[in-house]
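*Asks:* This is the structure, below, for whatever I ask next.
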Amino acid sequence: MISPMRFKLVLFLLFMVFVQAYSTGLSSDVITIKGQTWSLLSKPIWADSVLYTRLMNFIPKNHCISTANWDGFTAYWIVRRNRLYLQKIEVCVYDKDNKSDSVYSYDVDALKDVFREYYHNDFIRADWFCGQLRAGRGELVRYVHLGFDRNLEEEIVMTVNNGRIVNCKHYNNFKRPGLTFKDVTKDLSMLYPWERFPEITSKRISFICKNFKVTSDGHLVDFEVSSAVCRNPNIDIDDENHPVILEFKKVLRSIYPWEVMYINGKYVMEYNSIVIPLIRDVL
């Protein structure tokens, strides 16, 4: 039997898949690397809650808010001698009286109090940041409507330790045409052997899938199914060796060729995780 909490989780995941078709991802910061301008698919300021709070208290209260940029600011960065520096911050501000937007720009000098621990000799060095940063440019190769879950034709992946770039890799990404999950949803429902499982009387069963492994020519090699869930009756199957799941994996692997993307050194599919619903008696 499925627990109420788990059922709510499945509904949420289904809702997110639906929402992804109508929402947008987050707007990027901007970074200069060796004189070239890239989109920075990250927000390094988010890594320090104290800095972020100070900054939000500093920028005008009437800053613009959008689904792509809830904070209302865009940070500009530069890499110098393998160090990450903040150059300026731009803030979109809305004037209610004139009903118009304008952009305020704050340079290093204006920001020195906000970033006082990291301001030295007229520079703001991002020593607070540890982790991975990804910069991109060119056309979109892969896009998921969730945060920075997208990839561009050309990307640089940097590993940063206290503001110092300790590793940097350059990638050229591309996409090979093929079938997508959206293309095959109806076919999957028709191909699935419902007659083998008379205990499943529900019209719909949802499979929570992740970690897809695909070859360069579009063959789906393997993937994980965390759970198979349906209602009326309430059934929750989390054993990957259960026949209901094994048959689903067999059907999905029979589809060919899948759309394949070469992203940062690996062949991947559009989604790394997705909820796939099958509906009985699809015409």
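*Asks:* Pull up the range 22-43, narrow it to residues that are touching a strand residue (DSSP E or B) at 6+ places or on another chain (Cβ under 9 Å), surrounded by fewer than 21 Cβ atoms within 10 Å (Cβ to Cβ) and not charged (D, E, K, R), then point me to the one that is farthest from Gly163 (Cα to Cα).
*Replies:* Only one residue tops the list, namely Gly25.
*Asks:* Another question, if that's okay. Please verify whether Ser39 is among the small types (Gly, Ala, Ser), under 16 Å from the mean Cα position of the chain (by Cα), at pLDDT 95 or above and closer than 25 Å to Arg150 by Cβ, treating the condition exactly as stated.
*Replies:* Spelling it out, Ser39 is indeed among the small types (Gly, Ala, Ser), under 16 Å from the mean Cα position of the chain (by Cα), at pLDDT 95 or above and closer than 25 Å to Arg150 by Cβ.
*Asks:* Within the bounds of the range 202-225, is there any residue that is of a type in the set (S, T, N, Q), in a strand (DSSP E or B) and modelled with pLDDT of 95 or more?
*Replies:* yes
*Asks:* Under 6 Å by Cβ, and 6 or more places apart or on different chains, what pairs join a residue from the range 235-253 that is assigned by TED's automatic domain parsing to the domain that holds Val214 with one that is among the small types (Gly, Ala, Ser)?
*Replies:* Ile237/Ala228; Asp238/Ser227; Val244/Ala228; Ile245/Ala228
The values are calculated or read from the model by the stated rules, or taken from the named source; none is laboratory data. What you are looking at is a predicted structure, and each value in this text was computed from that prediction instead of being measured. Cβ: placed from backbone, ideal geometry, glycine included. Neighbour counts: every protein chain shown.
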